[in-house]
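Visitor: Before we start, here is the structure in question, set down as structure tokens.
The values are calculated or read from the model by the stated rules, or taken from the named source; none is laboratory data. On a predicted model such as this, the values are computed, not experimentally measured, just so you know. Note that each Cβ is placed from the backbone with ideal geometry, even for glycine, and that neighbours are counted across all protein chains shown.
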Amino acid sequence: MEQEKARACAIAFVECCWFMKELFPSMLCVRQRFETALPLDVEAAISKGFEAIRPQIKPGMRVALGVGSRGLSNLSKIVLMIVQELKSAGAMPFIIPAMGSHGGATAEGQVALLAGYGVTEARMGVPIRPSMEVKQLGKSDTGRDVLWSQEATTADGVLVINRIKPHTDFSGKIGSGLMKMLVVGLGKHAGASAYHSGALTIGYEKELIDLTKVVLAKAPILGGIAIVEDAMHQLASLEVVPADSILIREPELCEMAKKLMPTIPFDEIDLLIVDQIGKNISGMGMDTNIIKRGVHGYHLTPGISKSKPFIWRIFVRDLTAETHGNAIGIGMAEATTKRLVEKIDASALHTNVITARSVQCAKLPMIFDTDSEAIKAMLESLPDANPAKARVVRIKDTLTLGELEISTALEQTSIAHPAITSIEQMGQMSFDQNGNLKPITHG
């Protein structure tokens, strides 16, 4: 009896393995080589950078330090060093969450986001003033109201910290950086909403520059700490940019950041599996510069969409803890999981997308109980449903592209790609007993 039972189990196991083989492709692990920066001496960069603005910092000055919601490398360390630099100059710094409508557009939510990065009053040794109140600084050349943090207007000087990178909503000479932090971040919910409203009609870049000029003219801006990261999410550059140089220097730093951005090394992908999205990864959850899909909609026709890579289907598996339930960007995917949906903070998500006027990014794709069900459905929905031919790529998130999992259909393309340095066999796409992909363990 026991022998028959064991034999039946063995047969069932073999049949299951064959069934899985028929439904899912075999996978490989590939590593990419990117241009990376030499290790940066952050303390020396900050100390030297402050030489440009130190003469403006007087003993007793109340200096507001705007800190945002992005997951910059070593953010808490950088903030602490800047606080110490200000204190050594005799200033009295305090921190303002500079993140527009993030954190559910509440003071408590924004303090929680900062805490998630280790930026707390206890660790920084200075107050955090999270008020969402704003006041009008003036009007732009196009007649738009410039609304700005009331807390920031009470300061004797203002500094902002942000990563410089191409924006997810528009392309141009500037992107996400110091100007955005001055206008959108310190604009709080009301100012961020006013900016995005005008941007839809006037243009994102023009509106951002116009409003920045008002902020620079009307507010006591000392400057900004501009950070550029390389393709491996490590610090490549840190500059203290004086206020009168921001409009000139930021486009140059944005060009540097553009050249350092990572890429997915394939022209066409049938299915992109993204393990996690979140505000700490990108303002839109997953970077549109990587996936080549627009926040206001996209085409799923290769002949119309000229951007590379062209991706037929995107499956998003989960949210980062740091995003606190804000699933912005999920609308750019075709499939997701029930576990992700159950983590969504609808209020935070809706507030963010309405403020940013990117409502497409809150739409829910098809929802599946398990990863295996989602992947099977996405493969079946392709023009050619043969799993053996499916060009599948799996990434942790759009910031982490040094290592990828790919299907064997992309093996020859990988061999010929100059940026791919190694290829390792992984075997059949692997699921746990619940039908979900096993964690990425290589690297």
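Visitor: Only one residue in SER176, SER131 is touching a helix residue (DSSP H, G or I) at 6+ places or on another chain (Cβ under 7 Å) and of a type in the set (Ser, Thr, Tyr). Which one?
Guide: SER131
Visitor: Could you tell me which of the residues LEU437, LEU410 is touching a Phe, Trp or Tyr at 6+ places or on another chain (Cβ under 7 Å), outside the structural domain of ALA374 (by TED's automatic domain parsing) and at pLDDT 90 or above?
Guide: LEU437
Visitor: What are the residues in the range 124-134 that are charged (D, E, K, R) and either loosely packed, with under 14 Cβ neighbours inside 10 Å or on the phi > 0 side of the Ramachandran plot (or both), if any?
Guide: Within the range 124-134, just GLU133 meets the criteria.
Visitor: Shifting gears a bit: Being touching a residue at least 60 places away in the same chain (Cβ under 8 Å) and crowded, with 23+ Cβ neighbours inside 10 Å is the filter here, so list the residues in the range 362-378 that pass it.
Guide: ASP371, ILE375, MET378
Visitor: Would you be able to say whether some residue in the range 208-224 is over 18 Å from GLY68 (Cα atoms) and modelled with pLDDT under 90?
Guide: No; the residues of the range 208-224 include none that is over 18 Å from GLY68 (Cα atoms) and modelled with pLDDT under 90.
Visitor: Separate question: Does LEU399 satisfy the criteria of being touching an Asp or Glu at 6+ places or on another chain (Cβ under 9 Å), over 19 Å from GLU268 (Cα atoms) and assigned by TED's automatic domain parsing to the domain that holds SER282?
Guide: When the stated conditions are applied, LEU399 passes them.
Visitor: Among the residues in the range 58-65, are any in a strand (DSSP E or B), of a type in the set (Gly, Ala, Ser) and modelled with pLDDT of 95 or more?
Guide: yes
Visitor: Do we find a residue being in a loop (DSSP other than H, G, I, E, B) and either under 29 Å from the mean Cα position of the chain (by Cα) or modelled with pLDDT of 90 or more (or both) anywhere in the range 47-55?
Guide: Taking every residue of the range 47-55 in turn, at least one turns out to be in a loop (DSSP other than H, G, I, E, B) and either under 29 Å from the mean Cα position of the chain (by Cα) or modelled with pLDDT of 90 or more (or both).
Visitor: What residue, among those in the range 355-403 that are within 17 Å of GLY285 (Cβ to Cβ) and polar (S, T, N, Q), is nearest to the chain's Cα centre (by Cα)?
Guide: For the range 355-403, the residue satisfying everything is THR398.
Visitor: Restricting attention to helices (runs of 4 or more DSSP H) lying wholly within the range 180-269, give those where 1 or more residues are among the acidic types (Asp, Glu) and out of contact with any helix residue (DSSP H, G or I) (no Cβ under 6 Å at 6 or more places or on another chain).
Guide: Because the criterion is at least 1 residues that are among the acidic types (Asp, Glu) and out of contact with any helix residue (DSSP H, G or I) (no Cβ under 6 Å at 6 or more places or on another chain), the helices (runs of 4 or more DSSP H) in the range 180-269 that meet it are 204-218, 246-260.
Visitor: Evaluate the following for SER237: is it at pLDDT below 95 and in the same structural domain as GLY71 (by TED's automatic domain parsing)?
Guide: yes
This table checks each residue for (1) buried (at least 18 other Cβ atoms within 10 Å of the Cβ); (2) farther than 14 Å from ILE57 by Cα; (3) touching a Gly at 6+ places or on another chain (Cβ under 7 Å).
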position	(1), (2), (3)
LEU86	yes, no, no
ALA91	yes, no, no
ILE95	yes, yes, no
GLY100	yes, yes, yes
ALA105	yes, yes, no
GLU108	no, yes, no
VAL119	yes, yes, no
ALA122	no, yes, no
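Visitor: Just give me the residues in the range 321-351 being under 20 Å from ALA107 (Cα atoms) and touching a residue at least 40 places away in the same chain (Cβ under 8 Å), in sequence order.
Guide: Hits for the range 321-351 are ALA321, GLU322, THR323, HIS324, ASN326, ALA327, ILE328, ASP345, SER347, ALA348, THR351.
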